[in-house]
Amino acid sequence: SMQCFPSLVLALSSLLGALALLQLSLYLRVPSRYGKHEERLCRPRGRLPARCAWFLQELPSFLVPALLLALRSPPRLEPLGCRLLCCLFCWHYFYRTFIYPFFTRGRPFPLQLLFFGTLFCIYNGFLQGYYLIYCAEYPNDWCTDIRFTSGLLLFLLGMGINIHSDLLLRQLRKPGEVIYKIPQGGLFTYVSGANYFGEIVEWFGFAIATWSLPAFAFAFFTLCCIGPRAYHHHRYYLKTFTDYPKSRKALIPFVF
Ligand code: NDX
């Protein structure tokens, strides 16, 4: 049966950090080509409806850690923190897999990115789940530790912002529409990438609550992946809408 290999966790986390830097260098100048940044002339054959694509892509991030948690023998009962934290991760991906895709009104998603996205979700789902279920050690009162409680608070706050902002974006379109409008309300009052801001806060909260290398590596990856994307969204809006609110920032309210 499986056991903890600390060197495996170290290797996978380092690779995740390296992938984050690769992404930053790739996507700082040119956005990743999906959604509003996809080339106009893209072949429709190379794409899948947004619903299927997001469902398939995000499913492993829910399934892999959920299975690791459920199938570990003997079951890991102590400390409680490990299971709680693993459930938090699964909770986010339950939303992203089983709820978000069924309401999205997004454009069809490129197959090639779907392939890499799925690989990424398998990789990260395994790393986070494996670490929490087989390796993490917390004192029995971790649930009352300031890192756990403040991290959990940030996680919940970020998740709330992320879900609320996803909802505001969705409401910009009628079913079947694929046009872009100026997002309004919620944190969009302050930033163009409100959904991304929420997601980043969420994963840094998770990293603080787990106080672990894999989770910090993933938070860093998220920042490098959707941080530049928020900036490209912002530029797109400024270019497309002459009446775009001038005081709005790209990602971080009042700052950047
Ligand atoms: N999926 C995370 N890298 C990614 C998919 C892409 O969950 O090769 C990372 C995730 C993947 C990426 C994933 C991993 C790295 C990949 C990358 C592609 C290339 C990259 C594989 C797995 C890669 C290396 C080099 C390392 C191999 O038509 P539309 O789609 O534009 O419609 C949009 C709509 N909308 C509007 N509607 C009307 N008016 C407007 N003005 C609108 N603006 C947007 O709203 C969509 O239907 C919807 C949301 O659009 P958008 O662009 O704001 O968000 P989106 O990027 O689609 O993300 C959706 C949610 C969001 O909450 C975000 O926080 C979360 O997913 N997310 C996304 C990406 C990654 C991630 C979270 C994370 O890292 N945690």
What the 10 Å binned alpha carbon P(r) of the stretch 159-256 shows, as percent of pairs per bin from 0, is 17, 43, 30, 10, 1
Two pseudo-spin positions, 7 Å from Cα along C-beta at THR189 and at PHE256, lie apart in nanometres by 2.4 nm
What helix-only [θ] at 222 nm does the chain give? Using -39500 (n - 2.57) per DSSP H run of at least 4, over all residues, to the nearest 500, the answer is -20500 deg cm²/dmol
One finds the C-alpha centres of the stretch 70-84 and the stretch 155-226 to be spaced, in Å, by 29 Å
Here the gain from full extension of CYS4 to PHE115, 0.36 nm per residue of separation minus their alpha-carbon distance, amounts to 37.1 nm
A chain fully extended from THR144 to ALA11 at 0.36 nm per residue, minus the present Cα-Cα distance, gains in nm 44.8 nm
The alpha-carbon pair-distance distribution computed for the chain, with 10 angstrom bins and whole-percent values, is 7, 28, 36, 20, 7, 1, 0
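When ligands, DNA and RNA are left out and all protein chains stay put, how many square angstrom of accessible area per residue does the stretch 11-119 have with a 1.4 Å probe?
Details: 6180 Å² over 109 residues.
Accessible area per residue, the stretch 11-119: 57 Å².
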What the Cα atoms of the stretch 47-155 span along the principal axes, largest first and in whole Å, is 48, 30, 18
Quick calc: nm separation of the 7 Å Cα→Cβ label points for GLU78 and LEU157 -> 3.4 nm
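How many Lys pairs in the chain lie less than 20 angstrom apart by Cα atoms, where the lysines are 8 or more positions apart or on different chains? Working shown, then result.
Values: LYS36/LYS174; LYS36/LYS181; LYS36/LYS239; LYS36/LYS249; LYS181/LYS239; LYS181/LYS246; LYS181/LYS249; LYS239/LYS249.
Counting lysine pairs in the chain gives 8.
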Extend 7 Å from the Cα of ARG45 along its Cα-to-C-beta direction; within the stretch 104-138, residues with backbone N under 15 Å of that point are 111-112
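The values are calculated or read from the model by the stated rules, or taken from the named source; none is laboratory data. Since the structure is predicted, the reported quantities are computational estimates derived from the model, not experimental observations. Note that each Cβ is placed from the backbone with ideal geometry, even for glycine, and that neighbours are counted across all protein chains shown. Surface areas here come from the heavy atoms of the whole protein model, side chains and all, with no ligands, DNA or RNA. Shrake-Rupley method; radii C 1.70, N 1.55, O 1.52, S 1.80 Å.
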